[in-house]
Amino acid sequence: MTMISERIELDEVYYSLVFAGQNGSQPYEYSFGCDVDGNVDTSNFLPERLALLALCRSGAYGTGVVSRWVTRFIDNAYGTCECGVTLALCGDSVCVCGRAYNMWGKQITIEEVDDDYDQTYTWGTAYAKGGAEYAKYAKVNRKN
C-alpha cells in the first residue's frame with residue numbers, strides 16, 4: 001500500500017459562558033461563546049443578544065459559569081492499494097481486490113479483519129462485500 005495521507009486527530013477547544021437554572025418548573029439556559037476567562041466578544045451581537053447578555057450578567061439568571069467544550073475531529077488515513085484503488089483507512093479496510101489493511105495501512109489477512117467494525121457505509125472505503133461502487137467512487141473523487 002502506498003500511503004496518501006496519515007490519520008489526523010485534532011481537538012478544538014472552546015468555551016461558553018453559561019447561565020442555567022430553573023424558574024418554577026421551567027428550566028433555562030443561556031450560553032455565550034467566550035474565552036477561557038469568560039470574556040464574551042459582543043462585536044457581532046444583535047441588540048437583542050446584547051440585552052440578554054446584560055440581563056444575565058445583572059444576576060437575573062444566576063451566576064455565569066465558564067464551561068469548556070472539546071470537539072475531536074478525525075481525518076482518516078488514505079492509501080492506494082496495490083491494485084490502484086484508494087481506500088479510507090478507518091478501522092480494518094478490505095479492498096475489492098481482496099487485500100485487507102489496518103488503519104495504519106499495514107496489510108493484514110482477511111482472517112485478521114475486525115468483524116465488529118461496520119465498514120458498509122463508510123465513505124471512500126472499498127470493501128469486498130459487494131461494494132465495488134464505493135471503490136470506484138473513492139478512486140474518482142479523492143483529490144490526490
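None of the figures in this text is laboratory data; all of them are computed from the coordinates on show. Keep in mind that this is a model prediction, so the values were computed, not measured. Using ideal geometry, Cβ is built from the backbone for each residue, glycine included, and neighbour counts are taken over all protein chains shown.
Data table
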item	result
Interchain or long-range residues, amide H under 5 Å from R7's placed H	A77
Among 72-82, 5-15, 86-96, the order from most to least packed when residues are scored by Cβ within 10 Å on average	86-96, 72-82, 5-15
Estimated vicinal HN-Hα couplings, Hz - the stretch 66-75 in sequence order (Karplus 6.51, -1.76, 1.60; Gly, Pro = x)	7, 9, 9, 10, 10, 10, 9, 10, 10, 10
Order by protection proxy (mean Cβ within 10 Å, highest first), peptides 38-46, 99-107, 20-28	99-107, 38-46, 20-28
Extension gain (nm, one decimal) between D75 and T109, 0.36 nm per residue minus Cα-Cα	9.8 nm
Prolate/oblate/rounded label for the stretch 8-72 (Cα gyration tensor, a/c 1.5)	oblate
Dipole magnitude (debye, nearest 20) for the stretch 1-118, charges at Cβ of Lys, Arg, Asp, Glu	580
